[in-house]
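Please read the structure below before turning to the comments.
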Amino acid sequence: MKLFLMRHGEASFDAITDRQRPLTPLGVSQTQQMASHLASQIEQLDLVFVSPYLRAQQSWEACQPLLPKSASVHCLDELVPEASPAQAHDLLLAHMEVAGAETGLVVAHMPLLGYLVSELVPGAHPPLFATSAMAEIELTPERRLVRLQGPQDLALVV
């Protein structure tokens, strides 16, 4: 089983609340770049989990057309920036297990994503995610962080 953790794209600060911050054009572009890269790495995407915040929802909307069709998309309040990493961990793995999912994508925020890596991979320190960055977590046979890369890393590979 694999779980991909993606931070939302770059967001504007021009909003009444943090929850309503929209993506910038650069945020949309970098998110699509990462989605295209992910699509080249996977054949299926069983489940998607998205924060209810606008910038995460817009990130998923930018990714969706570029990725394999997902069987199910869940908007979860447990994926907001200040959410409990332990609770998010348990909820995500329960959804994956019940669905018999082999691949999942989480679109959420810092600091939650960094702490979620620590919850998912024993002994891992919480990494920093740049905007649009994506971590690949191998859940079986052993839990491990396979890679963490952002749009700037892809530019180096080309």
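Scan region 120-131 and give yes if some residue there is without any contact (Cβ under 8 Å) to a residue 12 or more places away in the chain and in a loop (DSSP other than H, G, I, E, B), otherwise no. Can you show your working first?
Kept after step one, since they are without any contact (Cβ under 8 Å) to a residue 12 or more places away in the chain, are these residues of region 120-131: 123, 125.
Checking the rest, the ones that are also in a loop (DSSP other than H, G, I, E, B) come to 123, 125.
Scanning region 120-131, I find at least one residue that is without any contact (Cβ under 8 Å) to a residue 12 or more places away in the chain and in a loop (DSSP other than H, G, I, E, B), so the answer is yes.
Which one is nearest to GLN44 (Cα to Cα), of the residues in region 85-98 that are exposed (fewer than 15 other Cβ atoms within 10 Å of the Cβ) and not β-branched (Val, Ile, Thr)?
First, pick out the residues of region 85-98 that are exposed (fewer than 15 other Cβ atoms within 10 Å of the Cβ): 86-87, 90, 94, 97-98.
If we keep only those that are not β-branched (Val, Ile, Thr) too, we end up with 86-87, 90, 94, 97.
Numbers: ALA86: 27, GLN87: 26, ASP90: 23, ALA94: 19, GLU97: 16 Å.
Per the criteria, the residue is GLU97.
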Criterion violated by GLY123 - all others in (1) touching a strand residue (DSSP E or B) at 6+ places or on another chain (Cβ under 8 Å); (2) on the phi > 0 side of the Ramachandran plot satisfied: (1)
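Quick check, is VAL107 buried (at least 16 other Cβ atoms within 10 Å of the Cβ) and in a strand (DSSP E or B)? Don't jump to the end; show me each part of the working.
Working: buried (at least 16 other Cβ atoms within 10 Å of the Cβ): yes; in a strand (DSSP E or B): yes.
Judged against the criteria, VAL107 is a match.
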Report those strands (runs of 3 or more DSSP E) wholly inside region 1-98 carrying at least 1 residues which are touching a strand residue (DSSP E or B) at 6+ places or on another chain (Cβ under 7 Å) and of a type in the set (Phe, Trp, Tyr). 2-7, 45-50
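Scan region 79-90 and tell me whether some residue there is acidic (Asp, Glu), within 15 Å of PHE49 (Cα to Cα) and out of contact with any Gly (no Cβ under 9 Å at 6 or more places or on another chain).
To start, the set of residues in region 79-90 that are acidic (Asp, Glu) comprises 82, 90.
After this cut, where a residue has to be within 15 Å of PHE49 (Cα to Cα) as well, the list is 90.
Remaining after also requiring out of contact with any Gly (no Cβ under 9 Å at 6 or more places or on another chain): 90.
Checked region 79-90: at least one residue is acidic (Asp, Glu), within 15 Å of PHE49 (Cα to Cα) and out of contact with any Gly (no Cβ under 9 Å at 6 or more places or on another chain).
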Name every residue in region 39-62 that is surrounded by 20 or more Cβ atoms within 10 Å (Cβ to Cβ), closer than 16 Å to MET134 by Cβ and in contact with an Asp or Glu (Cβ under 9 Å, 6 or more places away or on another chain), in order of residue number. PHE49, SER51, ARG55
Of the conditions (1) free of Cβ contacts under 8 Å to residues at least 60 places away in the same chain; (2) within 27 Å of ALA15 (Cβ to Cβ), the single one that PRO81 does not satisfy is (1)
Scope region 78-118; condition in contact with a helix residue (DSSP H, G or I) (Cβ under 9 Å, 6 or more places away or on another chain) and acidic (Asp, Glu); matching residues: GLU78, GLU82, ASP90, GLU102
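Only the coordinates and a few stated rules stand behind these numbers; no lab work does. This one's a predicted model, so the numbers in the text were calculated from it and none came from an experiment. Positions of Cβ are backbone-derived with ideal geometry, glycine not excepted, and every protein chain shown enters the neighbour counts.
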